[in-house]
Every structure is written in C-alpha cells, then in structure tokens.
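Q: Take this structure, written in structure tokens, and hold onto it; I'll ask about it next.
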Amino acid sequence: MTRAMYEYTKIVLQKVSFSSDLFCKEVAKALTSLLPYEVEELVIWLKEFTKNKPELSVCLKLIE
C-alpha cells in the first residue's frame, strides 16, 4: 500500500510541476505522509526531476 502512495506522489508532483507554489505544497505534504525510506527515494527523484527545472529547484529547500 505504501509503495502505491510513493508512486501516486510522483504522479501528482509531475502533474503540478507547472506551478512552483503547488509543487512546493505537494512536496511538503509528501514529506509528512511518506515513510522515511520513501522520503529518501523521493529526495533522489526530486533532485533528478528538478535538475533542468530551476523554477522548481526552490522547493528543494524543503528537503534540507
């Protein structure tokens, strides 16, 4: 079940990536709802996903 939540979170983040505000809100929500090892995987995914999207990289401050 939790693996499905991680995958769902990635889908939601991809869909709201048009808005940095929404993206940051969803990242914050994900950090509170996912399990610790899923958060670690999400951090790796976020760094890769935002590599070419500087407007979204501002949200990486939430994971530090």
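Q: If I compute solvent accessible area with a 1.4 Å probe over the protein chains, what percent of it on the chain is carbon and sulfur?
A: On the way: 2580 of 4320 Å².
Carbon and sulfur atoms account for 60 percent of the accessible area of the chain.
Q: Now a separate question. Please state the relative contact order of the chain as a whole percent: Cα pairs under 8 Å, 6+ residues apart?
A: Details: 39 pairs, mean separation 24.0, N = 64.
The value is 37 percent.
Q: Using DSSP to call loops (not H, G, I, E or B), can you name the GluC sites (Glu not before Pro) in the stretch 1-60 whose Cβ has at most 14 other Cβ atoms within 10 angstrom? Each step should come with its number before you reach the end.
A: Working: sites: Glu7, Glu26, Glu38, Glu40, Glu41, Glu48, Glu55; in loops: Glu55.
In loop regions of the stretch 1-60 (DSSP not H, G, I, E or B), the sparsely surrounded GluC sites (Glu not before Pro) are Glu55.
Q: In addition: Give me the accessible area per residue for the stretch 1-51, probe 1.4 Å, as a whole number in Å². Show your work: numbers first, answer last.
A: Numbers: 3310 Å² over 51 residues.
Value returned for the stretch 1-51: 65 Å² of accessible area per residue.
Q: Looking at the stretch 13-62, which chymotrypsin sites (Phe, Trp or Tyr not before Pro) are in a loop (DSSP not H, G, I, E or B) and have at most 13 other Cβ atoms within 10 Å? Provide the component values of the computation, followed by the final result.
A: Values: sites: Phe18, Phe23, Tyr37, Trp45, Phe49; in loops: Phe18.
Answer in residue order: Phe18.
Q: About the Cα centre of the chain, how large is the charge dipole given +1 on each Lys and Arg Cβ and -1 on each Asp and Glu Cβ? Please answer in debye to the nearest 20. Write out the running numbers ahead of the final one.
A: Values: 9 positive and 9 negative charges, 28 e Å.
That gives a dipole near 140 debye.
Q: Something else about it: With a 1.4 Å probe and every protein chain left in place, tell me how much accessible area Ile44 has, in Å² to the nearest 10.
A: Near enough 120 Å² of accessible area.
Q: Can you give the translational diffusion coefficient of the chain in µm²/s, computed by Stokes-Einstein from the Kirkwood radius over Cα pairs at 25 °C and 0.890 mPa s? Working shown, then result.
A: On the way: Rh = 11.5 Å.
In µm²/s, the coefficient is 213.
The values are calculated or read from the model by the stated rules, or taken from the named source; none is laboratory data. All values derive from a computational prediction rather than experimental measurement. Please note: Cβ atoms are built from the backbone with ideal geometry, for glycine as well, and neighbour counts cover all protein chains shown. These area figures cover heavy atoms from the full protein model, side chains too; ligands, DNA and RNA do not enter into them. Shrake-Rupley method; radii C 1.70, N 1.55, O 1.52, S 1.80 Å.
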